[in-house]
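Note sheet for the following structure.
Taken together, the values in this text are just the output of simple stated rules run on the coordinates, not laboratory data. What you see is a predicted model; the values in this text were computed from it and never measured. Every residue, glycine among them, receives a Cβ derived from its backbone with ideal geometry; neighbour counts consider all protein chains shown.
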Ligand SMILES: *Cc1c(COP(=O)(O)O)cnc(C)c1O
């Protein structure tokens, strides 16, 4: 992909984020995680050279390959996809900056056991299925606070930094907004327990997510596809 096109896409995303965050509050800061799952490692390198530092992948295998190949660059790697239990060891070898898709207490317990064994710790976000869709992983919004606190209590090697959610899969903006508002309310409650990341918003809905309080957006196609 052409460097100038990547630059244009990134500038465009940054500009829209800027408008959305200023509409909320001039002190509100939003982090961009560029999602590389549909693109090549070359494009990731180019985006890095344009100043982007945080990248996300949704498969452990891809994350392992790319983080190894680009190990000389100070990239912050995020695992944003569902983690199969048989991939836990592989993920822990990579030592990502943030695992955003911790989606059950059971997975937390398995992670905790392996982390304790390796004397390692891992920063995570609890994934909440705010739109309650069968196709999505994540804990139910009603029990999310309780599970969050339970993980904090019982898993000392997991640093819970907040929550992650995927907006409702719908053409109805109101439904998407509702799912973001549900997520934000949970995040707001958990701030007194140390939560500082509210990860919501993808290419199709990040401006709305920011207006609802998101401070981390995960963006793939708006950056890595030709959007003309
Ligand atoms: C693919 C993916 C994204 C980015 O999706 P786009 O719509 O391409 O921006 C964000 N979050 C998760 C969990 C993903 O799997």
For 30, 139, ascending order of other Cβ atoms within 10 Å (fewest first) is 30, 139
Would you compute the Debye intensity of the chain from its alpha-carbon atoms alone, equal scatterers and no solvent, and pass along log10 I(q)/I(0) at q = 0.09, 0.10, 0.14 Å⁻¹ to two decimals? -0.35, -0.44, -0.88
Please arrange 88, 80, 32 by counting, for each residue, the other beta carbons lying within 10 Å of its beta carbon, fewest first. 88, 32, 80
Defining a contact as two alpha carbons under 8 Å apart and six or more residues distant in sequence, what relative contact order in percent does the stretch 3-224 show? 22 percent
When 77, 15 are ordered from fewest to most other Cβ atoms inside 10 Å of their Cβ, what list results? 15, 77
Radius of gyration, Dmax [the stretch 44-146; alpha carbons; angstrom]: 14.7, 43
Just to confirm my numbers, what's the Cα centroid distance between the stretch 26-84 and the stretch 91-138 in Å? 18 Å
Relative contact order %, the stretch 96-228, counting alpha carbon pairs below 8 Å whose residues are six or more apart: 21 percent
